[in-house]
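**Student:** Sharing a structure below in structure tokens format, with a few things to ask.
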Amino acid sequence: MHERSSVAELAGILRGELNRYSHGEKLPSSRALVERFRVSPVTVTRALGALAAEGLIVTRPGAGSFRAAPPPTGNRPTGDTSWQEVALSAETADEPVPRSVDASAVLATLAAPPPGVIELNGGYLHPSLQPERALAAALARAGRRPGAWGRPPVEGLGELRAWFAREIGGPAGTVAASDVLITSGGQNALTAALRALAPPGAPILVESPTYPGLLAAARAAGLRPVPVPADTAGVRTDLLAQAFRASGARVFVCQPLFANPHGAVLSPERRAEVLRVAREAGAFVIEDDFARRLAHEDAGPLPAALAADDPDGVVIHVCSLTKAASPSLRVGALAARGPVLQRLRAIQVVDQFFVSRPLQEAALELVGSPAWARHLRTIAAELRTRRETLLTAVRRELPEPAEVRHAPAGGYHVWLRLPDGTDEAALTATALRAGVAVAPGRPYFPAEPPAPHLRLSFASAAGPTELVEGVRRLRTAWGG
């Protein structure tokens, strides 16, 4: 069993047995728990730590663990918060967009599914695919580095900036370390770029469909996402030029490599067109390069980042280590040239001062170790296997009108077009009751969608067997 599952299971058992002990009574020793449940001492320590964090037990060094006293029974004042409804909704006449923020689509990918539910809607690698040992070793080494707990440069550690610059600029070295800012993950970088480049009320162009986290961040910043349709070769550049002219936008956000949700790669011809059209419009391109380290084993050579072919500072590049490593390794980068870099830096400083130095040091240790290259090779092979498993199950189990128009060579999503007239929200709810969580397509469109869709993730499930069972449960929901 995976270590994380063992900890949760043991904590659940001990939680259920607490009523056997009076308040203040000592629990069995850690050694006794190791022998009884045949788990490691680390698992016991973590399980007891979980119960202590919940306030159920108290641990005393050298003495053991004891059942905690019951919490105070005083009545919590209820108060009257109804006044907030008025305060939060009151808008002045010159406010261009509502201030409410809809994070429901983002929360759906962050929340753990209920017990027994197969997760095909997740946005991160399953724990079994994460390099947990390498991360633990990197964090331990980072903690021993001289000055590891000191204050880092606000732009980020120089070595880490240089590493990201090499990753973004490629062999030609077209991106310098001085062009890079370290961020707290990709979402933080996207949010900073949007705030730097567009004032509240301004339109921004986005691919359609696209990542709901981008749409939520844009609307939270008071921006108006304007859709530009994409197909299997990426964004439609003929429509991109029209959208710039019609909207007056000065920002276009795109995912040129393995775009979420459909997995398309921007074709070479359209790469050049995106840069040309943006230059003519006097606009910035925010390149969200989230999936470069999620290429499948059969992906072939990857195109360079758009930023690597842009000497004029049109492209603001966003990337991170999170997707390929762990949701908790929130270390990313922004790369830009020219005056905009100083604006980005100012926003980063105001928002968060700097990224945690121990986390930056751990990231450096991780990417500099042989384990990192091994991990990328492992997930490249595993993601290919999982993709093929999911596609085979979809074609075998689901009705013929359900169609996968593009088999991605990177990332970990399959974009499933549903028959016209399908109520995707109802299907999603029925699927959850059948024991599988899938993502409805509507939140991926900034405007009315052309057809109903589902997004299926093949990285968040436990393995190929669970993927097949998840599709079978989806078929049951479909028939129900």
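The values are calculated or read from the model by the stated rules, or taken from the named source; none is laboratory data. None of these values were measured; they are calculated from a predicted model. So basically every Cβ, Gly included, is an ideal-geometry build from the backbone, and we count neighbours across all protein chains shown.
**Student:** Which ones in segment 240-257 are touching a helix residue (DSSP H, G or I) at 6+ places or on another chain (Cβ under 8 Å), crowded, with 23+ Cβ neighbours inside 10 Å and either assigned to a loop (DSSP other than H, G, I, E, B) or without any contact (Cβ under 8 Å) to a residue 12 or more places away in the chain (or both)?
**Tutor:** A249, P256, L257
**Student:** Still on this structure, please answer the following. Only one of T191, T174 is of a type in the set (V, I, T) and at pLDDT below 90; which?
**Tutor:** Being of a type in the set (V, I, T) and at pLDDT below 90 holds for just one of T191, T174, which is T174.
**Student:** With the structure loaded, tell me whether T385 is farther than 24 Å from W163 by Cβ and of a type outside the set (A, V, I, L, M, F, W, C) or whether it fails that test.
**Tutor:** Spelling it out, T385 is indeed farther than 24 Å from W163 by Cβ and of a type outside the set (A, V, I, L, M, F, W, C).
**Student:** Moving to a separate point now. Do we find that F290 is part of a loop (DSSP other than H, G, I, E, B), touching a Pro at 6+ places or on another chain (Cβ under 8 Å) and of a type in the set (F, W, Y) in this structure?
**Tutor:** Spelling it out, it is not the case that F290 is part of a loop (DSSP other than H, G, I, E, B), touching a Pro at 6+ places or on another chain (Cβ under 8 Å) and of a type in the set (F, W, Y).
**Student:** Follow-up. Search segment 9-46 for residues being under 35 Å from the mean Cα position of the chain (by Cα) and among the β-branched types (V, I, T), and hand back the single one that is farthest from A136 (Cα to Cα).
**Tutor:** Here the residue is I13.
**Student:** Could you go through segment 437-457 and let me know if any residue there is surrounded by fewer than 19 Cβ atoms within 10 Å (Cβ to Cβ), in contact (Cβ under 8 Å) with a residue 60 or more places away in the chain and under 18 Å from G479 (Cα atoms).
**Tutor:** no
**Student:** I'd like the full set of residues that are closer than 28 Å to P131 by Cβ and of a type in the set (A, V, I, L, M, F, W, C), limited to segment 265-305.
**Tutor:** Result: V265, F290, A291, L294, A295, A299, L302, A304, A305.
**Student:** Among the residues of segment 134-172 satisfying the criterion of being in contact (Cβ under 8 Å) with a residue 60 or more places away in the chain and charged (D, E, K, R), which is surrounded by the fewest Cβ atoms within 10 Å (Cβ to Cβ)?
**Tutor:** It comes out as R151.
**Student:** Turning to a different aspect of this structure: Quick check, is G74 modelled with pLDDT under 90, farther than 30 Å from P370 by Cβ and assigned by TED's automatic domain parsing to the domain that holds H23?
**Tutor:** In short, no.
**Student:** Need the failing condition index for E280 against (1) surrounded by fewer than 17 Cβ atoms within 10 Å (Cβ to Cβ); (2) among the acidic types (D, E); (3) within 27 Å of A324 (Cα to Cα), just the number.
**Tutor:** (3)
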